[in-house]
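Trainee: There's a structure below that I have some questions on.
The values are calculated or read from the model by the stated rules, or taken from the named source; none is laboratory data. In this text, all values refer to a predicted model and were calculated from it rather than measured experimentally. For neighbour counting, all protein chains shown are included, and Cβ atoms are generated from backbone atoms with ideal geometry for every residue, glycine included. Please note that ligands, DNA and RNA were not included when accessible areas were found on the heavy atoms of the full protein model with its side chains. Shrake-Rupley method; radii C 1.70, N 1.55, O 1.52, S 1.80 Å.
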Amino acid sequence: MTENKKQLVSYILLALLIIIWGVSWPIYKHGVQFMPPLLFSGIRSFIAGSLLFLFAWKLRHAIRFKEHWKFYVISAILNNILYLGLQTVGMVYLPGGLFSVLVYIQPVILGVLSWWLLNENMTIAKIFGLILGFTGIVLVSIDGLMIHLSAIGVILALATALAWASGVVFVKKLKARIDFYWMVVMQLILGGGTLLVSGYFLEDVHSIIWNVDLISTILWGGTAGMAAGQVIYFKLMNEGEASKVGSYTFLVPIISVVVSAIFLDEAITKNLLFGMLLVGASIYLVNRKEKRVADN
């Protein structure tokens, strides 16, 4: 009974994560119009990390910053500075829906890195999934190149996926040594702070357009999009739910494309739809668990 309840909670959290992330892409795409990308990604991350820090202040003894600061810095670079920075800049060059489809090849890359670095099995189904994923990415990229003429956007999206997958593998390798919650908090604060400082010196602060849309987007990103989303994701990963997250997150770009089409008037092409189906199938095959008959 307890195990069933835990499984139910995992599915509820997974569904919540998919909805939050699916809606977040078009929201961020809209918000980045009013604030330069580095500042925009930095402020979301820093607010999220600060809020989570306040919630967990009573458990601050688990931070052990002097002992783990190097791991926090590396995680911040992979999961925030590179991931968020590349993501937000990339959305300037591609529609939010298309960009999210490209980024969500991440579970496929994660499958390869997990096989290489975490000694996980590479099955025939996973290999077939990688082929499907590559085919889907080619189709989606053709739309990005032919319709939107942005090779830079496609490259940034794939680089975002690589940074994200690398960050997840890094955190998974350390899950037995470092509290996952504080890893998330530290990477948000350190990464967000670095992006804010970089944006202050590299971008035009005076170009920020403070309006209701921007403020609403920042509030969403700092609470649900980043704080809740990051905690849920790494909680599921930490509890051995990586295959479920990898199998079902293909729904995120689908939700994103639909929301973008409804609210941002972005086109849904045949190649994009077919590419999404292939990417979704590849993510499922790469991350699914092989069924085995238990010996009693």
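Every residue, every condition in (1) touching a Phe, Trp or Tyr at 6+ places or on another chain (Cβ under 9 Å); (2) hydroxyl-bearing (S, T, Y); (3) over 30 Å from V197 (Cβ atoms), yes or no:
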| site | (1), (2), (3) |
| --- | --- |
| S45 | no, yes, no |
| L52 | yes, no, no |
| S100 | yes, yes, no |
| I105 | yes, no, yes |
| W115 | no, no, yes |
| N121 | yes, no, yes |
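Trainee: Among the residues of the range 19-52, write down those that are farther than 30 Å from V73 by Cβ and aliphatic (A, V, I, L, M).
Mentor: I19, V23
Trainee: Can you confirm whether the range 15-22 contains a residue that is open to solvent by less than 60 Å² (accessible area, probe 1.4 Å) and free of Cβ contacts under 8 Å to residues at least 12 places away in the same chain?
Mentor: yes
Trainee: What about I77, is it of a type outside the set (F, W, Y), surrounded by fewer than 24 Cβ atoms within 10 Å (Cβ to Cβ) and touching a residue at least 40 places away in the same chain (Cβ under 8 Å)?
Mentor: Against the criterion (of a type outside the set (F, W, Y), surrounded by fewer than 24 Cβ atoms within 10 Å (Cβ to Cβ) and touching a residue at least 40 places away in the same chain (Cβ under 8 Å)), I77 qualifies.
Trainee: Let me ask something else about it. Give me the helices (runs of 4 or more DSSP H) completely within the range 1-109, filtered to those with at least 2 residues that are over 15 Å from the mean Cα position of the chain (by Cα), closer than 30 Å to I127 by Cα and at pLDDT 85 or above, ordered by residue number.
Mentor: The helices (runs of 4 or more DSSP H) meeting that bar are 2-31.
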